[in-house]
There are 4 protein chains.
Amino acid sequence: MAGSSLGIIYRITTWGESHGAGLGVVVDGCPAGLPLAENDIQSYLDRRKPGQNRISTPRKEADAVEILSGIFEGKTTGAPISMLIRNTSQRSGDYGEIAASYRPGHADYTFDRKYGFRDYRGGGRSSGRETIGRVAAGAIAAKVLREFGIELFAYTRSIGPVTIDPEHFERAAAAETPTCMPDRDASALAERFLSDCMRSYDSAGGVIECVIDGVPAGLGDPVFEKLDANLAKALMSIGAVKAVEIGDGIEVSTRHGSANNDAFRIQDGRIVKATNHAGGILGGISDGSQIVLRAHVKPTPSIFSPQDTVNRDGEEISISIKGRHDPVIVPRAVVVVESMAAITLLDALLVNAGAKMDSLKAIYKN
Amino acid sequence: MAGSSLGIIYRITTWGESHGAGLGVVVDGCPAGLPLAENDIQSYLDRRKPGQNRISTPRKEADAVEILSGIFEGKTTGAPISMLIRNTSQRSGDYGEIAASYRPGHADYTFDRKYGFRDYRGGGRSSGRETIGRVAAGAIAAKVLREFGIELFAYTRSIGPVTIDPEHFERAAAAETPTCMPDRDASALAERFLSDCMRSYDSAGGVIECVIDGVPAGLGDPVFEKLDANLAKALMSIGAVKAVEIGDGIEVSTRHGSANNDAFRIQDGRIVKATNHAGGILGGISDGSQIVLRAHVKPTPSIFSPQDTVNRDGEEISISIKGRHDPVIVPRAVVVVESMAAITLLDALLVNAGAKMDSLKAIYKN
Amino acid sequence: MAGSSLGIIYRITTWGESHGAGLGVVVDGCPAGLPLAENDIQSYLDRRKPGQNRISTPRKEADAVEILSGIFEGKTTGAPISMLIRNTSQRSGDYGEIAASYRPGHADYTFDRKYGFRDYRGGGRSSGRETIGRVAAGAIAAKVLREFGIELFAYTRSIGPVTIDPEHFERAAAAETPTCMPDRDASALAERFLSDCMRSYDSAGGVIECVIDGVPAGLGDPVFEKLDANLAKALMSIGAVKAVEIGDGIEVSTRHGSANNDAFRIQDGRIVKATNHAGGILGGISDGSQIVLRAHVKPTPSIFSPQDTVNRDGEEISISIKGRHDPVIVPRAVVVVESMAAITLLDALLVNAGAKMDSLKAIYKN
Amino acid sequence: MAGSSLGIIYRITTWGESHGAGLGVVVDGCPAGLPLAENDIQSYLDRRKPGQNRISTPRKEADAVEILSGIFEGKTTGAPISMLIRNTSQRSGDYGEIAASYRPGHADYTFDRKYGFRDYRGGGRSSGRETIGRVAAGAIAAKVLREFGIELFAYTRSIGPVTIDPEHFERAAAAETPTCMPDRDASALAERFLSDCMRSYDSAGGVIECVIDGVPAGLGDPVFEKLDANLAKALMSIGAVKAVEIGDGIEVSTRHGSANNDAFRIQDGRIVKATNHAGGILGGISDGSQIVLRAHVKPTPSIFSPQDTVNRDGEEISISIKGRHDPVIVPRAVVVVESMAAITLLDALLVNAGAKMDSLKAIYKN
């Protein structure tokens, strides 16, 4: 099925496997007239690159993007933007032994059941490298959104038991700590925790948070194309994500209505909310407040300690996964979460352009 | 925008407002040859009816479904199935006073910002009555799924601070308790808690869980049409839902890989998982285990105590909501969660029919 | 499959069978703020009503529309507009004998092969009555388009051998002649031709032309969502249409480039084309000239003379079709062609709203 | 807008401009398990290559395809198949002078109006080279269809005034004549006609016919996803096509029902049609007969004689187009028509897999 595309007007189609010729994305529906260069994309891709510090895989990947179409004289033309990232660092030999066995926590078994066989090299299509196309498309979406005053900021909220402290929140730190935590103390603690994980051949999970400022009220469509519904899909579609929250999320279930409702009030002549438990979305439509999202990420399934499993022939075996694997996915997935949020939000912004006669008349003046 | 449709092959389109002529749904893409009668739908709709006990609004709604098309001689024909539920119990007078003010926690403000004005009667399109179309479409999806041995079961897991006890789990109780809890003791506690809520003119939230048995391995498509991604969208699109979990959900972020991975093993000659932390989905594809979902529901935003807000003229005011409102949405939303899961799963099953040459050859034998 | 929906932003979903409870359409994505009443729809539906003169079936159908949702205080709200037309004049007895046999030129055989069985009453879902939903949705689309200065005009260009004479073209005549020809002389000839057809128990075909004025340049999207491609699909999806032309259509294949190219020139300070062989569309995008379409309609397959065919049991038989059938479909299909063109054009107009940064900035001013 | 994608299950997304880095297509939804190699694609691409004889442009284009993903061990995996064709023969200098003027019959003006500016080099996105992605995707579709006994055959039916003679029809000739005509005599005449065109700095149009054998009855979905409607869209989306016919097409409008209806009869124990005026499709669904399509192609708009037009500054000018252009598009478009038909038919075949309970039960046996 056409599962590799997302979006209605800003529509992206990703392709590629971990150990094939390369990976990429076609971005269709980007508005014409946006200044865009490879560097806009590369700076995002670099945020998900491995090998940048000791808590990520020592694998080196250049992941250099080539824009193949859709740009002319430095601006988007309205034509599809095709981007290609060649694979350069495959060591297929590392994966040979898992060709016939099913790694716990991975999609080996389900791909075999669905398709009859699979590209087993490095996880093939279900590898984390699949997110490269998402990030390239997200970089463009984020750039369009900035033209409308919309800014996204994603960061690591927790790794294993270590959660950032709102008192120590420092936005700049997220770009500087190896954990992408906006709290240098928490980051140091998390690094120590991860070192312990690695020593015990184990892995960890965590939580990624994304806040979006400057979103105009009115984005998202009632019933099935609600902004929160599409954000939930976008985040849950990222490999290891097992739960998604909007605003106060899971906390609302134990709260009273009187404590959870956000009162409206007037500030500087505009309608605002006194609190933001809702996370910026009411009835599936943005309300003009900050949008707040959280994705809960499972521990890396590739661990070096031996595990029980079965092989394709239906025999119970024990496997020890080799290769190069991050002890935690979270820091490298931060930019993926930000990208998926940007893609979803831009599509909602484009779709909303035709929501009322007044908007259309602003465009089609006779 | 076309936000009222969902699904690729099994595609539903809902319509209707709380206080208009009626509500309904068009179900397109239902396979031909399924025995179907109005009673199959009505039994689902009755599960979301209010007025059945003291913890739901005393409003009486007949909510009788009329099938207008798509059935001939007691079977689906492959043509779209249009279903109509007339509104009968509107008391518009109750809502007159909120026409010009924005209720906290509701979509009044965002609809006005998006569309320029709104049908304010009873919440209009953003009313909980909008879910009637979902449930009618879900009843059909669930019936198709049963033909393939797939059974869905949703229930209330918690209301406010009261959570069901796995030791007291009794499936039949969910259909008999007013809370839809499969634990009679917890239900009694929850009822007491809700009585307190009502006495203090307040409301409560809760958690709905849905388990699905008999799902064959292989449903869901990699990358953006993952089964868990679409389930997350389906559940998050339900009015008051603010978080969605798959399998162990939020717990995975604090767990080690060694504890979170589900080992494969052989049982009765088939590959199964020794545990099911993943909730039946690996890499976005069903793995043959039980699928487990949870939706976190916010407290009913309509509460009877006075609240601060603003009106359309930008004046700060205090409002007291009148009318008939449930102190908790959860029990009536249980069947909505089950319906959305059924709709999503059936679509995945239909889309998957063309995933490999072998499947196609089973259909198109020359 | 979800074959009953059309459009990306202005998305319509039709349902209903000839002899079921009724027919209808859900229109999703209509911009909010359009004044709309049942009479806007009814006046279009009345144009396709039978029984209005001797060249159409004497069957009387009230075909009164009920708007069930999406309108509040006389204006569209942005919510889906559901419309219902009850069937009132079914005489199922007429069709009993064709339950088991396959009428030549009809879809009886193909529905049976596709779905295993069919609703045989009056053609079921493949009846011409299926177009009622299209016309109701087209009436709304045409009303939106008029707000932007876009006017559609469809009419009968030929019936059998009788073609309108450009010299006698009179726009008003199309609404007054029983043939919908904008040429009173040709219409009289065509009526005589049709009387002969009826006397010999036979039927005729014809050509419907549609011209659209006031379309701004820029609608339609390159490659697969070209305006002409979508118009071709829209028209070819109408029951008896077997060919579609844009502009000079089939004539271009025998022409030289020097004769077929439309020169650009300046008129009143604006860029226009000196000729319009292209029919208002270049590269799939409207060029600001009049759009010109033609649909070639086959003769009514239901004829009263005996025909050879087979029955469900695989026996060769002869059938004589009874019931009430138009000797020519064309005049009643004129409004269907106009509706399909309107639906397609409005969708292109809405989709185009996000094509360039400038348009978006006209809507989302910070 | 996302205009670069087509299809529901077999979904293709093309990208690329005439003079950019390259062109390509992502094919999503191809069933897993199909043997596929670059040569399967290349043989199709070679059919649309220019420079092969004197009636096509002397431009040499290697147009060598590289498959970047979706294949493993010689078979499709179910993952998207990304294909890249690098541009190698651009001579941008040839096009510099048309940067600021609007060529008659081209999309220069409409692109400027839609997007504000355009990639003018060689027509950019609206160049005939855009069809490379279609042909690559069509080659795969045709290969899948052959596995089900479905064979497509497209050829030139006419060029200018020269039409093939059914008496001289020779299938092999279509692959051997420079015109792609399956009639060697007609081809010789057409070549002479084209030589005259070129001498007078002019161009010609023609008609492409495509017949499809072995299609099972039942493909296509009623109302809007009719097989003929989607074929019409697919063909009309090809650059220079201005009319599309199914079966007897335009001739049906002047015919009587008694002459146009195809009688059913029994042959070798199977239901067949005695004639095939309908072109293999009844009610939008394949009937098991040969499918017959025709596309009417306009003369190449690029001609070497001077033409009146305007420039971007709104001045009337005369231009003489330079560069390398085919005097007729038809022979090179034959494989494009065949490809678009294959893509459309395969998608219908995949979508139809879930049309009835019996088909589904053949796949999902418990």
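Answer yes or no as to whether D:ASP326 is more than 8 Å from chain C (Cβ to nearest Cβ) and in contact with a Ser or Thr (Cβ under 7 Å, 6 or more places away or on another chain).
yes
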Any idea how many residues of region B:209-226 are aliphatic (A, V, I, L, M) and touching an Asp or Glu at 6+ places or on another chain (Cβ under 6 Å)? 1
Assuming C:ALA174 fulfils every condition listed in (1) touching a Pro at 6+ places or on another chain (Cβ under 9 Å); (2) of a type in the set (A, V, I, L, M); (3) more than 15 Å from C:ALA333 (Cβ to Cβ) apart from one, which condition is it? (3)
Does D:VAL223 satisfy the criteria of being modelled with pLDDT of 95 or more and closer than 23 Å to D:ASN276 by Cβ? no
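Which residues, taken from region A:313-344, are in contact (Cβ under 8 Å) with a residue 40 or more places away in the chain and polar (S, T, N, Q)?
Scanning region A:313-344 gives A:SER339, A:THR344.
Go through region A:220-229 residue by residue and tally those that are part of a helix (DSSP H, G or I) and facing chain B (nearest Cβ under 7 Å).
2
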Condition broken by D:TYR201, with the remaining ones in (1) on the phi > 0 side of the Ramachandran plot; (2) facing another protein chain (nearest Cβ under 7 Å) satisfied: (2)
Regarding region D:237-244, can at least one residue be identified that is among the polar types (S, T, N, Q), over 20 Å from C:TYR102 (Cα atoms), within 7 Å of another protein chain (Cβ to nearest Cβ) and part of a loop (DSSP other than H, G, I, E, B)? yes
Is it true that C:GLY257 is under 28 Å from A:LYS75 (Cβ atoms), surrounded by 24 or more Cβ atoms within 10 Å (Cβ to Cβ) and in contact with a Pro (Cβ under 7 Å, 6 or more places away or on another chain)? no
Residue in region C:304-312 that is crowded, with 24+ Cβ neighbours inside 10 Å and either without any contact (Cβ under 8 Å) to a residue 24 or more places away in the chain or over 19 Å from the mean Cα position of the chain (by Cα) (or both) present: yes
Give the residue, chosen from C:ALA240, C:ALA295, C:ALA229, C:ALA234, that is in contact with a helix residue (DSSP H, G or I) (Cβ under 7 Å, 6 or more places away or on another chain) and closer than 30 Å to C:SER195 by Cβ. C:ALA295
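Determine if region A:169-180 includes at least one residue that is part of a strand (DSSP E or B) and either modelled with pLDDT of 95 or more or over 30 Å from B:ILE281 (Cα atoms) (or both). Give the steps one after another, and end with the answer.
Narrowing region A:169-180 to residues part of a strand (DSSP E or B): none.
There is no residue in region A:169-180 that is part of a strand (DSSP E or B) and either modelled with pLDDT of 95 or more or over 30 Å from B:ILE281 (Cα atoms) (or both).
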List, please: which pairs have Cβ atoms under 8 Å, are six or more places apart or on different chains, and start with a residue in region D:160-181 that is within 24 Å of C:ILE250 (Cα to Cα) and end with one that is among the aromatic types (Phe, Trp, Tyr) and surrounded by 14 or more Cβ atoms within 10 Å (Cβ to Cβ)? D:GLY160/D:PHE193; D:PRO161/D:PHE193; D:VAL162/D:PHE193; D:ILE164/D:TYR155; D:ALA174/D:PHE153; D:ALA174/D:TYR155; D:CYS180/D:TYR155; D:MET181/D:TYR155
Taking the residues in region D:122-156 that are among the β-branched types (Val, Ile, Thr) and within 11 Å of another protein chain (Cβ to nearest Cβ) as candidates, determine which candidate is farthest from A:PHE72 (Cα to Cα). D:ILE150
Filter region B:278-301 down to the residues that are at the interface with chain A (Cβ under 8 Å from one of its Cβ atoms), more than 20 Å from the chain's Cα centre (by Cα) and assigned to a loop (DSSP other than H, G, I, E, B), then identify the one that is surrounded by the most Cβ atoms within 10 Å (Cβ to Cβ). B:ASP287
Reported set for region B:330-366 where residues are among the aliphatic types (A, V, I, L, M), more than 14 Å from chain D (Cβ to nearest Cβ) and closer than 23 Å to B:THR13 by Cα is B:ALA333, B:VAL334, B:VAL335, B:VAL336, B:VAL337, B:MET340, B:ALA341, B:ALA342, B:ILE343
One residue from C:ALA188, C:ALA232, C:ALA217 being buried (at least 24 other Cβ atoms within 10 Å of the Cβ) and outside any strand (DSSP E or B): C:ALA232
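Between D:PHE193, D:PHE169, which is farther than 28 Å from D:GLY105 by Cα and surrounded by 13 or more Cβ atoms within 10 Å (Cβ to Cβ)?
On inspection, the qualifying residue turns out to be D:PHE169.
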Looking at the structure I just gave you, is B:VAL207 more than 11 Å from chain A (Cβ to nearest Cβ) and assigned to a strand (DSSP E or B)? no
In region B:24-34, residues that are in contact (Cβ under 8 Å) with a residue 60 or more places away in the chain and over 16 Å from B:VAL135 (Cβ atoms) total 3
Checking C:ALA274 against (1) more than 7 Å from chain D (Cβ to nearest Cβ); (2) surrounded by fewer than 24 Cβ atoms within 10 Å (Cβ to Cβ); (3) touching a residue at least 40 places away in the same chain (Cβ under 8 Å); (4) not charged (D, E, K, R), which single condition isn't satisfied? (3)
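One line per residue, one yes/no per condition, for (1) among the hydroxyl-bearing types (Ser, Thr, Tyr); (2) on the phi < 0 side of the Ramachandran plot; (3) in contact with a Lys or Arg (Cβ under 8 Å, 6 or more places away or on another chain):
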residue	(1), (2), (3)
D:MET236	no, yes, yes
D:GLY249	no, no, yes
D:HIS256	no, yes, no
D:ASP262	no, yes, yes
D:ILE266	no, yes, no
D:VAL272	no, yes, yes
D:GLY284	no, no, yes
D:ASP287	no, yes, yes
D:ILE291	no, yes, no
Out of (1) part of a strand (DSSP E or B); (2) under 30 Å from D:VAL144 (Cβ atoms); (3) not β-branched (Val, Ile, Thr), what's the single condition that is false for D:LEU360? (1)
What about D:GLU251, is it in a strand (DSSP E or B) and under 26 Å from C:PRO327 (Cβ atoms)? no
Is one or more of the residues making up region A:148-170 more than 22 Å from A:ALA295 (Cα to Cα) and of a type outside the set (Lys, Arg)? yes
Strands (runs of 3 or more DSSP E) contained in region D:1-101 and holding at least 1 residues over 19 Å from the mean Cα position of the chain (by Cα) and modelled with pLDDT of 95 or more: D:22-28, D:65-67, D:81-86
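Among the residues that make up region D:255-266, is at least one of them part of a strand (DSSP E or B) and in contact (Cβ under 8 Å) with a residue 60 or more places away in the chain? Talk me through it step by step, then tell me what you get.
So the first thing to find is which residues in region D:255-266 are part of a strand (DSSP E or B), and the list is D:256, D:264-266.
With the extra rule that they be in contact (Cβ under 8 Å) with a residue 60 or more places away in the chain, the set shrinks to none.
So far as region D:255-266 goes, no, none of its residues is part of a strand (DSSP E or B) and in contact (Cβ under 8 Å) with a residue 60 or more places away in the chain.
The values are calculated or read from the model by the stated rules, or taken from the named source; none is laboratory data. Only a predicted model underlies this, so the values are computations on that prediction, with no experimental measurement involved. Because the Cβ atoms are built from the backbone with ideal geometry, glycine has one as well, and the counts that use them run over all protein chains shown.
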